[in-house]
1. A 28 angstrom limit on the alpha carbon distance is what I want to check against. Which of 133/213; 22/213; 82/152; 140/213; 195/353 exceed it?
2. How large is the dipole of segment 22-230 about the Cα centre if only Lys and Arg carry +1 and Asp and Glu carry -1, each at its Cβ, rounded to the nearest 20 debye?
3. What is the extension gain from residue 320 to residue 280, computed as 0.36 nm multiplied by their sequence separation minus the C-alpha to C-alpha distance, in nm to one decimal?
4. At a probe size of 1.4 Å, how large is the accessible area of residue 318, to the nearest 10 Å²?
5. Mind ranking 97-105, 292-300 by how tightly packed they are, going by the mean number of other C-beta atoms within 10 angstrom, highest first?
6. Along Cα→Cβ, 7 Å out, is where each label goes; now give me the distance between the ones at residue 342 and residue 230 in nm to one decimal.
7. May I ask you to list the aspartates and glutamates whose Cα is less than 17 Å away from that of residue 260, ignoring any residue fewer than eight positions away on the same chain?
8. Given a 1.4 Å probe, how much area per residue of segment 22-230 is accessible, in Å²?
Amino acid sequence: MQKLEIKGGRKISGTIKISGSKNATLPILAATILTDKEILITNVPIVKDVETMVDLLRSMGSDVILNKKKKIIRIINKKRLKTFAPYHLLKTMRAGVLVLGSLLTRYNNAKVSLPGGCAIGSRPIDVHLSALKKMGAKIKIKDGYIIASSKKNLKGSLIRFPKISVGATENLLLASCFAKGKTKLRNCASEPEVKDLVVFLKKLGSNINWVGKRSINIIGVKKLRTTRHKVIFDRIEAGTYIIASALTNSTLKIKNIDPKIMSTEIDVLRKMGVTIIIKSNNLIVKPIKILKNINISTKPYPGFPTDLQAQIMVLMTKANGVSKITENIFENRFMHVSELRRMGAQIEIKGNKAVIFGNRKLNGAELMATDLRASVSLVLAALVATNKTIINRIYHLDRGYEKIEKKLSKCGAKIRRLQ
Ligand code: UD1
């Protein structure tokens, strides 16, 4: 199993080009099931989750060409697809469940594996399923699979989500595309990745409109067309590298982003004393004079993202004073804490709250990655730790960070992959 070896304590400097967003690419790939016309997707991040989604589409019969060098995916669905999504492809990547909405609306049936548990929490899909039932789908769960069908086309409905869910909003957007009449989705997630999916679906010819900050109306259409789409940048990857720069007290240029989309994260980091200079689609992070403590709560967009919680926690271990984090999205998203403690961090956990004591010296250690964002927080901690750190189980990291060791070592970090 591959590992990362990091020798900490070095400054980094240079430019990091941010990749396309994984969380935008996955629902867009699920949306390609909706049309038999050619689709071209550019700025695709070459990460494991995207490759798994490509494998899933191929397993259904989709003709997918993935050009890893050019970061382009070309898809044509000439023939009728199989409406089956197997467990072995959904067990590592929950977003596979997004094919459910597309398959149901296009073919009126689908058999999709339940995505199962996950290290950061139970992550049910009850909100997805009850909304699809409201649109007329018959759904039963058998042998770990969701078996869904509808006699006729799904019917346009008013759906008020009981909680804000990125995945449920995306699944229902997909399901509504060919539904009869008007679907009104309320209390939707408004993450930039959901917005990118809406942009893509509109280019395809769907009749979709945001009619409020959390409200979307969709009028079903009969057919969709060909299109090309450039995936938005990965705001979580960008936030991770801003934190890497702040932590190592270095100057780093972060390229190919839209700072407006990350204003909450930028505000929080500036309050901590991080100097961030915005230059159109780039950011420059400068060395810090005094790193201040702060209290944050994770929230749905435009709040502070749960996907950046583990990374900012590492920065807090170096702040002057005590910081607090309230994790509001996932019940078990402090998996990184025990590993950070092993490095010397002083962090107390009570329920969904973490208290992080600052000014701590972190020491290199042998560590275990547990989930995607926890893994990257260990990489960040290792960059400022004394001596050498070894991170095991980095397949978690490879699910969502494109060429992380190349991007960091180009800027002077001592990081390498061990086979
Ligand atoms: C997406 C992101 C993930 C991010 C998360 C929250 C992708 C591929 N993944 O995950 O990186 O951390 O949004 O920003 O885009 N919930 C239910 N029932 C449901 C659905 C969700 O109870 O049917 C709960 C979840 O357990 C969680 C909360 O709602 O507590 C939000 O989850 P959701 O927004 O659905 O996350 P994902 O779409 O799985």
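The values are calculated or read from the model by the stated rules, or taken from the named source; none is laboratory data. Given the structure is predicted, the values throughout are model-derived calculations rather than measurements. Note that each Cβ is placed from the backbone with ideal geometry, even for glycine, and that neighbours are counted across all protein chains shown. When the accessible area is computed, the model is the full protein with side chains, heavy atoms only, and any ligands, DNA or RNA have been set aside. Shrake-Rupley method; radii C 1.70, N 1.55, O 1.52, S 1.80 Å.
1. 140/213; 195/353
2. 660 debye
3. Length gained, residue 320 through residue 280: 11.3 nm.
4. Around 60 Å² of this residue is reachable by solvent.
5. Those peptides, ordered most packed to least, come out 97-105, 292-300.
6. With each label placed 7 Å out from Cα toward Cβ, I get 4.3 nm.
7. 191, 193, 196, 234, 237
8. It amounts to 42 Å² per residue over segment 22-230.
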